[in-house]
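Novice: Could you have a look at this structure, given as structure tokens, before my questions?
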Amino acid sequence: MTDLASRLLAWYDISRRELPWRAPPGVRPDPYRVWLSEIMLQQTGVVTVAPYFQAFLARWPDVGALAAADLDQVLHAWAGLGYYARARNLHACARRVSETYGGRFPDDEAGLRALPGIGVYTAAAIAAIAFGRPASVVDGNVERVIARLRAVREPLPAAKARLRVLAAELTPEHRVGDFAQAMMDLGATICRPRQPLCLHCPWQADCAAHREGIAAELPARSPKTARPVRRGVAFWLERVDGAVLFRRRPERGLLGGMMELPSTPWRSAAWTPDAAQEQAPCPADWRPVAGLVAHTFTHFHLELSLLAARLPAGAAPEGTWSRAEDFHCLALPSVMRKLCRHMEGERAAAGAI
Ligand code: SF4
């Protein structure tokens, strides 16, 4: 083991974060917990994930229980975490592990990568943390730490391959899981994106960026291209008993399988009221609702306006009807919850539609 690895592990032994999915020192990690947390932590921070992790674990304490759940229950429990393909893959993966592997996760990277929703990073993290396999676990936090430790000035993403090699050189053969988690903790608590706490860092004496006074400038990044804006019009169709029409999105693609208010396609050009109404779930006396709802996805910003109407007599559009007090039972993604809150706010301000 290198001196750097030894020092990091010694630091980890006294400074490790207590996280709900983390096994106490000396206790063998539960692969189900490791897998569940790693899927949730893809694109989502520790603070947001913690209550979701606890709720999932309380409801589905092992992979068999999760496999036996309905996809809709899982999507609903996931609502608010975003990137909903993760929830569908989580469920598909639980079923695969239960049905094909007798409820035991494969214990190496190749086997893990064959499962739904498990890519290179997640397979390495589970293999290292749950099974102690020698895997190099490199995410954005680790890239930052390594870029600083070795003063790599080449910008991301071009520098990724080099950073992986440098990270692999540091990874020890023993305590692989602890080393991976120590790197995560160092990146999250000490070698932070802004204002790294170098005075508290176990690697300060060896850190090239600290020595050169450029730690906060690394890693360098290629300029980002601006996110495009897409626009859509959502339809708030209300029955006489107050129930509102929702529909399910296609299983594949953005927000796949989640519930939504019917809407036009989302496109860059603005919608005229006439063009939007051609996409409405049924002809009706559609009235515009004041204001816009904005939401940012990974690859675009979305601006949604609303048209509202009462269900005309004789119309029977396809979908699911739900009253406001039951919205919480629907697997609604964040953008749809925003729309519902916006509509309720406008109604409160303006009276009934
Ligand atoms: Fe990061 Fe500072 Fe430690 Fe270098 S010394 S690894 S910049 S926290």
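Novice: Take the chain, connect every pair of alpha-carbon atoms lying under 10 Å apart with a spring to form a Gaussian network, then pick out the residue of ALA280, ALA313, ALA125 with the largest mean-square fluctuation.
Specialist: ALA313
Novice: Taking θ as phi - 60°, what are the ³J(HN,Hα) couplings along region 130-136 by the Karplus curve (6.51, -1.76, 1.60), each to the nearest whole Hz, with x for Gly and Pro?
Specialist: With coefficients 6.51, -1.76 and 1.60, one gets 7, 10, x, 6, x, 10, 9 Hz.
Novice: Another question about this same structure. Sort ARG96, ARG86 from largest to smallest accessible area, using a 1.4 Å probe on the heavy atoms of the protein chains.
Specialist: On the way: ARG96 95, ARG86 15 Å².
Ranking ARG96, ARG86 by accessible area, largest first, yields ARG96, ARG86.
Novice: While we're looking at this one, here's another question. Along the charge dipole of region 94-183, pointing to its positive end and built from +1/-1 on Cβ of Lys, Arg, Asp and Glu, which listed residue (VAL120, ALA147, ALA167) has its Cα farthest out?
Specialist: ALA147
Novice: Taking the Cα centre of region 303-353 as origin, work out the dipole magnitude from +1 charges on Lys and Arg Cβ and -1 charges on Asp and Glu Cβ, in debye rounded to 20. If you can, show how the numbers build up before the last one.
Specialist: Details: 6 positive and 6 negative charges, 16 e Å.
Result for region 303-353 is approximately 80 debye, rounded to the nearest 20.
Novice: On to the next question. Output wanted: per-residue J couplings in Hz (rounded whole) for region 119-127, from phi through Karplus 6.51 cos²θ - 1.76 cosθ + 1.60, θ = phi - 60°, x for Gly and Pro.
Specialist: For region 119-127, the Karplus curve yields x, 4, 5, 5, 4, 5, 5, 5, 4 Hz.
Novice: What does the charge count near PRO155 come to, summing +1 for each Lys or Arg and -1 for each Asp or Glu among other residues with Cβ under 12 Å from its Cβ?
Specialist: +2
Novice: Taking H as built 1.01 Å from N, whose amide H comes closer than 5 Å to the amide H of GLU238, not counting residues under 5 places away?
Specialist: Sorted by chain and number, the residues that satisfy this are ALA309, ARG310, LEU311.
Novice: Given Cβ point charges of +1 (Lys, Arg) and -1 (Asp, Glu) and nothing else, what value in debye, to the nearest 20, does the dipole of the chain about its Cα centre take? Provide the component values of the computation, followed by the final result.
Specialist: Details: 43 positive and 35 negative charges, 125 e Å.
I would put it at about 600 debye.
Novice: Taking R0 as 30 Å, what's the FRET efficiency between ALA23 and ALA65 from their Cβ-Cβ distance, rounded to 0.05? Kindly include the intermediate steps, with their values, before the conclusion.
Specialist: On the way: r = 20 Å, r/R0 = 0.66.
Calculated transfer efficiency: 0.95.
Novice: When the helices in the chain are scored as -39500 (n - 2.57) per DSSP H run of 4 or longer and the sum is shared across all residues, what 222 nm value do you end up with, to the nearest 500 deg cm²/dmol? Don't skip to the end; give the middle numbers.
Specialist: Details: 14 runs with 143 residues, N = 353.
That calculation yields -12000 deg cm²/dmol at 222 nm.
Novice: Could you work out how much longer the chain between THR189 and GLU217 gets when fully extended? Use 0.36 nm per residue separation minus the Cα distance between them, nm to one decimal.
Specialist: Values: separation 28, 0.36 × 28 = 10.08 nm, distance 1.74 nm.
Length gained, THR189 through GLU217: 8.3 nm.
Novice: Could you state the accessible area per residue of the chain in Å², with a 1.4 Å probe and every protein chain left in place? Don't jump to the answer; show the numbers that get you there.
Specialist: Numbers: 17290 Å² over 353 residues.
So the chain comes to 49 Å² accessible per residue, rounded to a whole number.
Novice: Between LEU156 and residues 5 or more places away or on another chain, which pairs have amide H atoms under 5 Å apart, with H built 1.01 Å from N, and which residues are they?
Specialist: So LEU156 has HN proximity to ALA220, ARG221, SER222.
Novice: What's the local net charge at GLN195, with K and R +1, D and E -1, over the other residues with C-beta under 15 Å away?
Specialist: Numbers: positive: ARG144, ARG148, ARG192, ARG194; negative: GLU217.
In short, +3.
Novice: Across the chain, what fraction of all alpha-carbon pairs, as a whole percent, falls in each successive 20 Å bin from zero upward?
Specialist: All Cα pairs, binned at 20 Å, distribute as 26, 46, 25, 3 percent.
Novice: Then there's this: Once amide H atoms are built 1.01 Å from N in the peptide plane, which residues 5 or more positions from ARG230, or in another chain, come under 5 Å H to H?
Specialist: Long-range HN contacts for ARG230: HIS301, LEU302, GLU303.
Novice: Rank these by accessible area, largest first, 1.4 Å probe: LYS160, LYS224, LYS338.
Specialist: Working: LYS160 90, LYS224 185, LYS338 65 Å².
Most to least solvent-accessible, the answer reads LYS224, LYS160, LYS338.
Novice: Another question about this same structure. Could you run the Karplus curve 6.51 cos²θ - 1.76 cosθ + 1.60 with θ = phi - 60° over region 193-204 and give me ³J(HN,Hα) per residue in whole Hz, x for Gly and Pro?
Specialist: x, 10, 6, x, 8, 4, 5, 9, 8, x, 9, 3
Novice: Solvent-accessible area of CYS329, probe 1.4 Å, all protein chains present, reported in Å² to the nearest ten, please.
Specialist: 80 Å²
Novice: Sticking with this structure for a sec: Sorted by accessible area (1.4 Å probe), largest first, how do HIS210, HIS91, HIS299, HIS342 line up? Spell out each step's value before the answer.
Specialist: Working: HIS210 65, HIS91 10, HIS299 140, HIS342 40 Å².
If we order HIS210, HIS91, HIS299, HIS342 from most to least accessible, we get HIS299, HIS210, HIS342, HIS91.
Novice: Shifting gears a bit: If you add up the charges near PRO24, with Lys and Arg at +1 and Asp and Glu at -1, over every other residue whose beta carbon is less than 14 angstrom from its beta carbon, what do you get?
Specialist: +1
Novice: Rounded to the nearest angstrom and ordered from largest down, what semi-axes does the equivalent ellipsoid of region 1-141 get from its C-alpha gyration tensor (root of 5λ)? Before the final figure, lay out the partial values.
Specialist: On the way: eigenvalues 134, 59, 39 Å².
The three semi-axes for region 1-141 are 26, 17, 14 Å.
The values are calculated or read from the model by the stated rules, or taken from the named source; none is laboratory data. It should be emphasised that the depicted structure is a prediction, and the values quoted were computed from it without experimental measurement. Note: ideal-geometry Cβ built from the backbone for every residue, glycine included; neighbour counts use all protein chains shown. These area figures cover heavy atoms from the full protein model, side chains too; ligands, DNA and RNA do not enter into them. Shrake-Rupley method; radii C 1.70, N 1.55, O 1.52, S 1.80 Å.
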